[in-house]
Amino acid sequence: MASPQSRDYSFSKSRKYPRSSGVTLDDSFPESKSSQKFKLSQKRKTLPVQFSMSGNLSPWPTYASGQTILQNRKPCSDDCRKRTSSWQQQPIGFAKPRYLEQLENYLHKELLLLDLGTDSAQELRLQPYREIFEFFIEDFKTYKPLLSSIKNAYEVMLGKNAAPSPSAHQKEKIRALEPLKGQLITMSEDCNERILAMRAEEKYEISMLKKEKMNLLKLIDKKNEEKISLQSEVSKLRKNLAEEYLRYLTERDARKILIADLNELRYQREDMSLAQSPGVWGEDPVKLTLALKMTRQDLTHTQMELNTMKANFGDVVPRRDFEMQEKTNKDLQEQLDSLRADYEEVRKEHEILLQLHMTTLKERDQFSSELQDIQRTSTPRPDWTKCADVVAGGQDRWQMLAEGKNSEQLVDVLLEEIGEGLLREKEFFPGLGYGEAVPPFLRFDGPVKNKKPSKKDVVKLLKDAWKERLSKEQKEKFPDFFFNFLEHRFGPSDAIAWAYTIFENIKLFRSNEVMSRFYAILMGKMTESVYINQKETVAQLLKEMINADSQNEGLLTMEQFSTILKSTFPLKKEEHIQHLMEAGGWHPNSTSADLLDYRSLFKEDEEGQSEPFVQKLWEQYMVEKDEYLQELKQELGMELYEEVTFSKLQRALMIIDPTLDKQTLNTHLSQAFQIPVSELPEDENEDIMTRLQTAMEQLQMADVKRIGPREPESAS
């Protein structure tokens, strides 16, 4: 049997709070309540809560009097074992809840395993009861805050009354941290309430979308019903038209028959009148007979024509009725087409709404997961106004330093301010030795004196170094040139001290343009060509503006300013030109005749900081370089860990920049593969390889930019 010190409730080393609490105890601290709580939660997996049939906790033992749960006794005594066995054999009138039986068995087991012969017997004896109380606190969520506060109060009182022990100080600290449990519980409840509120809001949005969907479905059903109604009306009108046509046809035939009967009666009457008065035609009956015969022939001919017309035009509708019915049919057809168009439009809108609904659900799920990640990992935004009390110069200087900067830049500014104070307090720098990882100009063993120059002095010294570097062609590497310059300037004895002093300053003041670029070139993170070409670009732009200033007044119109920018940077996008003009002083209310003091755009302050116009030029240069390299990577169609060959990189560069000359192309390839231009392979069979990530990093350090526009794909 293991000793009590090896049990779960014994004190041990290197215990930590659960990850959610954010607190970690040292190795010398005893086990905290939070670590015990974590183990209790593991044990509690085997102790489910017993509920009644109605869903509430069982009211036992209120109706099971006479039964004992556990006596407050020593578990290791003989009397205890006898009473325990008698208690186990006692008949039970009512069944205990399963959860209570498990708690009693667990407490009985833990008490039997205790070693009460040690000095910490009382503390160990209370531990199983603490665990049982922890079970109740965790399982009864509704009363968890109240039970936690009761437990904390008892723990504090027990800690005060307990005899001092070798780890009493640590226990006091642990008990002092117990109130944090209540705060964690409150925070957990607040988070749960927020999550429930968000879920309620999402349910509301979903219900609104469902209502809208039902309304659209009702509208579609209504349109379908109207369509069916119109179709039935059209069929009814057609039926009525056919009936009217038959009625008119019957009336026409009856009318014609009636007219024929009337004509026949009239002819008979005339014949009878002629027969009764023979003197009407004189004495020539032959002539009358002939006239009658001819008249009868004409009647027969007319009757035949009439029958022919009946046969030919019996089914013909009167033009007026036909035009009226045609107009009605046309109106109905137009209404039907309109309804069909409306139905199709509603159907398409319904499909779009369904797609939008699915997209909204996906975005909601994505935003919900992002929100949970942010809530889990994010930290509160710092109150930067507090920095004004610790920065030299007070509130006014801090506002000047923090103006227009984001949190990352403010951290750099704050670090520079703190580092500047620490740097001035240093009297000596420790030497870095003579290792290969140490830059050549810093190789020294022993303390090095801090010269404590101001930022203005450091910037002036760096500018003088650049003037000497650019005044004549230098074949030596930049770090060697820098140390030789310091030896020539301050002598061999002070050169190493100035090298350490300047290095610490330029490493600290990253927000200063002169220092940050000098540091990048000195440490090999950027080539000299980047700095030199940027200076040449600014000088060329200033020269163009001076040439455009015919009066030599230092003033240009906004129209001239825009023209010079477009001619100097023909490959820049229109929005980049607009940003440069805004940095130069243009605003939406400006006119083309407004004057601009162009010389002020190129000024620098005492610490080497340039105007926003020149800073914007540098920012656009870096952005354009990133876009150029990203376009190169897309053209290669490779992952960064893959190997790229010399010929493939050469072809990709010529595709994205067809106007690239051979010298510039070889310079880029030499930088990417880190070999001299003279050693570049000329034969396609002699191909070299390197990792794409290495090549891209080397090109990022160099002066890489687009030479001409990329030909459109259609032209190729």
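The values are calculated or read from the model by the stated rules, or taken from the named source; none is laboratory data. All values reported here derive from a predicted model rather than from experimental measurement. Glycine also receives a Cβ, built like all others from the backbone with ideal geometry; neighbour counts cover every protein chain displayed. Ligands, DNA and RNA are excluded from the accessible area calculation, which covers all protein heavy atoms including side chains. Shrake-Rupley method; radii C 1.70, N 1.55, O 1.52, S 1.80 Å.
Among the numbered criteria (1) farther than 30 Å from ILE228 by Cβ; (2) surrounded by 13 or more Cβ atoms within 10 Å (Cβ to Cβ); (3) in contact (Cβ under 8 Å) with a residue 60 or more places away in the chain; (4) not charged (D, E, K, R), which one does GLY314 miss?
Going through the list (1) farther than 30 Å from ILE228 by Cβ; (2) surrounded by 13 or more Cβ atoms within 10 Å (Cβ to Cβ); (3) in contact (Cβ under 8 Å) with a residue 60 or more places away in the chain; (4) not charged (D, E, K, R), GLY314 breaks only (2).
Could you please find all residues in segment 425-443 being surrounded by fewer than 12 Cβ atoms within 10 Å (Cβ to Cβ) and either more than 24 Å from GLY524 (Cα to Cα) or among the aromatic types (Phe, Trp, Tyr) (or both)?
GLU425, GLU427, TYR434
Among the residues of segment 479-493, what is the count of those that are touching an Asp or Glu at 6+ places or on another chain (Cβ under 9 Å) and either touching a residue at least 40 places away in the same chain (Cβ under 8 Å) or not in a helix (DSSP H, G or I) (or both)?
Here the count works out to 1.
Suppose we keep only residues that are free of Cβ contacts under 8 Å to residues at least 40 places away in the same chain, more than 23 Å from VAL704 (Cα to Cα) and not charged (D, E, K, R) within segment 508-552. Which one would you say is surrounded by the most Cβ atoms within 10 Å (Cβ to Cβ)?
It comes out as ALA548.
Show the residue pairs that are 6+ apart or on different chains and have beta-carbon atoms under 9 Å apart, the first residue being within segment 143-170 and of a type in the set (Asp, Glu), the second being at pLDDT below 70 and assigned to a helix (DSSP H, G or I).
Note: pairs meeting the criteria are GLU155/LYS33.
Would you be able to say whether some residue in segment 646-658 is more than 30 Å from VAL458 (Cα to Cα), touching a helix residue (DSSP H, G or I) at 6+ places or on another chain (Cβ under 9 Å) and among the aromatic types (Phe, Trp, Tyr)?
Yes - at least one qualifying residue is present in segment 646-658.
Which condition from (1) over 35 Å from the mean Cα position of the chain (by Cα); (2) of a type in the set (Asp, Glu); (3) within 27 Å of ILE707 (Cα to Cα); (4) open to solvent by less than 50 Å² (accessible area, probe 1.4 Å) is the one that GLU559 breaks?
With respect to (1) over 35 Å from the mean Cα position of the chain (by Cα); (2) of a type in the set (Asp, Glu); (3) within 27 Å of ILE707 (Cα to Cα); (4) open to solvent by less than 50 Å² (accessible area, probe 1.4 Å), GLU559 is out only on (4).
Being surrounded by 13 or more Cβ atoms within 10 Å (Cβ to Cβ), over 20 Å from THR527 (Cβ atoms) and over 37 Å from the mean Cα position of the chain (by Cα) is the filter here; which residues of segment 647-685 pass it?
Selection gives SER647, PRO681.
In this structure, does PHE561 turn out to be touching a Gly at 6+ places or on another chain (Cβ under 7 Å) and assigned to a helix (DSSP H, G or I)?
yes
Just name the residue that is modelled with the highest pLDDT out of those in segment 144-173 that are within 22 Å of LEU107 (Cα to Cα) and open to solvent by 70 Å² or more (accessible area, probe 1.4 Å).
TYR154
Tally up the residues in segment 300-333 that are charged (D, E, K, R) and under 24 Å from ASP261 (Cα atoms), please.
3
Are any residues in segment 444-472 open to solvent by 90 Å² or more (accessible area, probe 1.4 Å) and touching a Phe, Trp or Tyr at 6+ places or on another chain (Cβ under 8 Å), and if so, which ones?
Passing the criteria: ASP445, PRO447, LYS449.
One residue is enough: does segment 598-617 have a residue meeting the conditions farther than 30 Å from ASP457 by Cβ, touching a Lys or Arg at 6+ places or on another chain (Cβ under 7 Å) and exposed (fewer than 14 other Cβ atoms within 10 Å of the Cβ)?
For segment 598-617, residues farther than 30 Å from ASP457 by Cβ, touching a Lys or Arg at 6+ places or on another chain (Cβ under 7 Å) and exposed (fewer than 14 other Cβ atoms within 10 Å of the Cβ): absent.
So that you can scan it fast, the table gives a plain yes or no per residue for (1) open to solvent by less than 70 Å² (accessible area, probe 1.4 Å); (2) among the basic types (Lys, Arg); (3) more than 60 Å from the chain's Cα centre (by Cα):
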| site | (1), (2), (3) |
| --- | --- |
| LYS203 | no, yes, no |
| ILE220 | yes, no, no |
| GLU233 | no, no, no |
| LYS236 | no, yes, yes |
| LYS239 | no, yes, yes |
| ARG252 | yes, yes, yes |
| LYS256 | yes, yes, yes |
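Out of all the residues in segment 612-623, is one or more in a helix (DSSP H, G or I), touching a helix residue (DSSP H, G or I) at 6+ places or on another chain (Cβ under 6 Å) and of a type in the set (Lys, Arg)?
Yes, there is a match, as at least one residue in segment 612-623 is in a helix (DSSP H, G or I), touching a helix residue (DSSP H, G or I) at 6+ places or on another chain (Cβ under 6 Å) and of a type in the set (Lys, Arg).
Within segment 594-611, how many residues are touching a residue at least 40 places away in the same chain (Cβ under 8 Å) and in a helix (DSSP H, G or I)?
Number satisfying all stated conditions: 3.
Only one residue in GLN372, GLN366, GLN355, GLN325 is modelled with pLDDT of 75 or more, closer than 30 Å to LEU246 by Cβ and in a helix (DSSP H, G or I). Which one?
GLN325 is the lone residue from the list that is modelled with pLDDT of 75 or more, closer than 30 Å to LEU246 by Cβ and in a helix (DSSP H, G or I).
Consider segment 494-529. How many of its residues are on the phi > 0 side of the Ramachandran plot and part of a helix (DSSP H, G or I)?
Residues flagged as on the phi > 0 side of the Ramachandran plot and part of a helix (DSSP H, G or I) within segment 494-529 amount to 0.
Can you work out which of the residues in segment 576-593 that are part of a loop (DSSP other than H, G, I, E, B) and in contact with a strand residue (DSSP E or B) (Cβ under 7 Å, 6 or more places away or on another chain) is least open to solvent (accessible area, probe 1.4 Å)?
We begin by selecting, within segment 576-593, every residue part of a loop (DSSP other than H, G, I, E, B); these are 585-593.
Those still in the list that are in contact with a strand residue (DSSP E or B) (Cβ under 7 Å, 6 or more places away or on another chain) too: 585, 592-593.
Working: GLY585: 41, SER592: 69, ALA593: 73 Å².
Filtering first and then ranking leaves GLY585.
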